[in-house]
Amino acid sequence: MSAIATDPIPVRALNQVTYCNRLYYLQYVDCVMPTNEHVEGGLFDHRRVDDPDLKNKTRSDRGTATSRGIALSSETLGISGVLDVIEEKNGEQYPVETKHGSAPHDDDGKPTVWDNDAVQLCAQALLMEEAFGKLVPHGFQYHVGSKERVELKFTPELREKTHGAISRCRELSVLDSPPEPLPSELRHRCFGCSLAPVCLPEETLYQIGHPPAVEEEAKPPAGITRVIPQSDDGAVLYVQEPGSSVGKRSEHLIVKKDGKELSRVPMHAVRQMVVVGNVQVSTQALETLAANEIPVSYVTGHGRFIGSFVPAPAKNVSLRESQFKMFGEPAVCLELAKAVVRAKLSNQRTLLMRSLRDDDTRGSKEYGARGLYDLLRTLDRHTSVESVLGVEGQGAALYFAEFGRFLKQPPTGKGFDFTTRNRRPPRDPVNALLSFAYAMLAKDCFSAVCTVGFDPYKGFFHQGRHGKPSLALDLMEEFRPVIADSVVLTLINNESVTKSDFVMWRDACQLTDAGRKTFFAAYEQRKATEITHPVYGYRMSYSRMLEVQARMLASFVRGGIPSYTGFTVR
């Protein structure tokens with residue numbers, strides 16, 4: 001358990017804790033600070049208040065003295081804040097706070113102030129009273145959306161509520177995991193919340209109330225309505241031209257080779273950069289990418305994921321403490337290992353059945369599908385991670401024994417053959433594609449677990465792989481068939497790649513630059529494909545699904561939900 005925080009609580013945090021305890025915890029304990037259009041709108045509305053040229057300066061207009069950006073702090077109250085505006089008129093001082101939205105109205109149609117905003121404004125008044133030694137009986141809130149200025153009286157009841165919010169912040173700060181999401185009668189507060197994609201309130205409550213079902217008794221999807229629509233803004237920038245360099249000019253990334261500009265990409269249009277092979281990235285570009293929280297992943301030309309240059313890790317230390325504690329318990333590791341292997345075997349079986357749907361060869365799909373189904377039925381009887389790993393290996397043997405049948409042979413006879421899985425290095429085009437696809441998936445899973453705040457090197461399934469991002473490899477198991485293998489089959493069966501897209505060197509096979517370019521396009525298209533979540537019942541992209549699964553795993557690790565359910569397709 002964390003030590004009781006002694007740092008002053010920001011006044012704005014009292015707004016969050018009054019609105020939602022879970023929101024406060026995620027933002028101020030876990031230090032998760034995403035933005036959406038509402039947050040950006042608020043920053044825009046505060047642009048005058050936050051102007052450094054106006055801070056701590058007083059101006060007079062028509063008998064009212066106005067001071068902006070005044071920083072106050074109180075050890076007695078345990079809070080601090082920067083007040084938007086302090087006005088003084090007729091010897092009386094009072095705070096004025098600016099809010100982005102429109103003012104609410106009471107039953108008589110008069111504008112008023114939301115409870116959480118009232119607590120924040122009252123806290124500012126308490127700071128003023130201690131700093132200036134004068135009673136502050138009221139303040140004002142200006143609503144930009146409706147252009148209304150509303151007076152707020154600081155009653156004894158409101159002052160007591162404000163002190164209660166301060167105490168609640170202290171209580172929440174020592175918890176090891178976030179409190180439960182808001183109850184159903186307050187769920188409307190989740191709509192528009194910038195932390196909804198992190199909090200996942202509907203999903204979390206559903207998991208709490210519905211223990212996992214075995215495959216034979218699988219429940220229908222919950223049909224949860226997403227709190228806000230999700231999209232993956234920005235593109236993945238792949239840089240693979242040998243000898244090229246990436247620099248920064250203004251707000252653009254510039255790719256050059258031999259002094260000539262190859263491409264220019266606006267920074268705001270990029271959500272990730274992938275560097276393949278012999279490419280240099282300047283310090284200025286890396287610094288700007290980190291400042292904008294854009295990760296840079298490095299992959300060899302052979303398709304081996306090396307690592308990622310990412311922004312400073314998430315500050316939620318309590319998650320990593322829980323991760324190391326939970327992943328040190330054999331029973332927990334066994335439960336999670338079964339969940340991911342169950343999902344992987346199920347997805348392999350689904351892809352096998354789909355790929356061989358039109359195969360007339362007797363027993364072409366029955367043997368492999370039946371074998372995978374039998375492994376699924378025996379999974380719960382295993383009592384160690386090692387034996388579950390053995391089941392995963394048996395499933396892979398059955399699956400790849402049939403994989404060659406998934407490949408369509410064109411009339412020209414210039415198709416690809418597959419007999420067995422080989423790697424380090426891959427020795428034929430199909431294995432080269434599979435290895436490269438797994439490397440791309442590994443870097444995306446690495447990014448997902450880092451985004452959530454996990455240590456990517458402490459896993460529960462691939463525990464013995466020292467120096468490997470074990471947790472990223474654990475998460476990718478359930479996505480191998482539906483993302484990586486699917487991309488490979490699409491490229492081959494649609495004849496998007498040919499044998500000319502590969503090069504052999506010392507018994508190793510790898511993609512050419514042109515082949516990798518084709519692969520990247522197909523891979524990103526697959527990640528952008530929307531699919532219905534098997535548990536929650538709403539649609540999202542595969543790219544978003546990686547993060548959702550990582551966040552649900554984090555919720556399980558911290559005790560927020562009773563179990564983790566792997567991702568499966570039907």
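Descriptive notes on the structure:
- Which listed residue is over 13 Å from residue 154 (Cα atoms), touching an Asp or Glu at 6+ places or on another chain (Cβ under 7 Å) and not acidic (Asp, Glu), from 104, 111: 111
- Checking residue 152 against (1) under 25 Å from residue 74 (Cα atoms); (2) in contact with a strand residue (DSSP E or B) (Cβ under 6 Å, 6 or more places away or on another chain); (3) at pLDDT below 90, the condition it does not meet: (3)
- Residue 485 being among the acidic types (Asp, Glu), surrounded by 21 or more Cβ atoms within 10 Å (Cβ to Cβ), closer than 25 Å to residue 355 by Cα and touching a helix residue (DSSP H, G or I) at 6+ places or on another chain (Cβ under 8 Å): yes
- Restricting the range 497-556 to residues that are in contact with a strand residue (DSSP E or B) (Cβ under 7 Å, 6 or more places away or on another chain) and of a type in the set (S, T, N, Q) leaves a set whose member that is surrounded by the most Cβ atoms within 10 Å (Cβ to Cβ) is 510.
- Residue check for residue 446: touching a Leu at 6+ places or on another chain (Cβ under 6 Å), crowded, with 16+ Cβ neighbours inside 10 Å and in contact (Cβ under 8 Å) with a residue 60 or more places away in the chain: no
- Of the residues examined, residue 76 is not one that is surrounded by fewer than 20 Cβ atoms within 10 Å (Cβ to Cβ) and touching a strand residue (DSSP E or B) at 6+ places or on another chain (Cβ under 9 Å).
- Matching residues, the range 369-424, being in a helix (DSSP H, G or I) and of a type in the set (Lys, Arg): 370, 377, 381, 405
- For the range 95-108, the count of residues that are in the same structural domain as residue 166 (by TED's automatic domain parsing), at pLDDT 90 or above, surrounded by fewer than 17 Cβ atoms within 10 Å (Cβ to Cβ) and outside any loop (DSSP other than H, G, I, E, B) is zero.
- Qualifying residue in the range 402-422 (condition: under 30 Å from residue 318 (Cβ atoms), among the β-branched types (Val, Ile, Thr), modelled with pLDDT under 85 and out of contact with any Pro (no Cβ under 6 Å at 6 or more places or on another chain)): no
- Within the range 66-76, the only residue that satisfies the criterion of being over 11 Å from residue 7 (Cα atoms) and part of a loop (DSSP other than H, G, I, E, B) is 76.
- The single condition from (1) on the phi < 0 side of the Ramachandran plot; (2) not charged (D, E, K, R); (3) not assigned by TED's automatic domain parsing to the domain that holds residue 77 that residue 156 fails is (3).
- Filter pass, residue 364 being at pLDDT below 85 and either over 17 Å from residue 486 (Cα atoms) or assigned to a loop (DSSP other than H, G, I, E, B) (or both): yes
- On the stretch given as the range 243-273, residues that are modelled with pLDDT of 80 or more and either surrounded by fewer than 14 Cβ atoms within 10 Å (Cβ to Cβ) or touching a Ser or Thr at 6+ places or on another chain (Cβ under 6 Å) (or both) total 13.
- Restricting the range 132-156 to residues that are surrounded by 15 or more Cβ atoms within 10 Å (Cβ to Cβ) and among the hydrophobic types (A, V, I, L, M, F, W, C), the residue that is nearest to residue 69 (Cα to Cα): 140
- Qualifying residues in the range 425-459 (those that are small (Gly, Ala, Ser) and in a loop (DSSP other than H, G, I, E, B)) - the one farthest from residue 333 (Cα to Cα): 453
- Lone qualifier among 499, 527, 458 - being more than 30 Å from residue 205 (Cβ to Cβ) and either touching a helix residue (DSSP H, G or I) at 6+ places or on another chain (Cβ under 7 Å) or of a type outside the set (Val, Ile, Thr) (or both): 499
- Complete set of residues in the range 504-535 that are β-branched (Val, Ile, Thr) and either in a loop (DSSP other than H, G, I, E, B) or at pLDDT below 85 (or both): 512, 529, 532, 535
The values are calculated or read from the model by the stated rules, or taken from the named source; none is laboratory data. Here the structure is a predicted model, which is why all the values come from computation and not from measurement. Neighbour counts run over all protein chains shown; Cβ positions are idealised from the backbone, glycine included.
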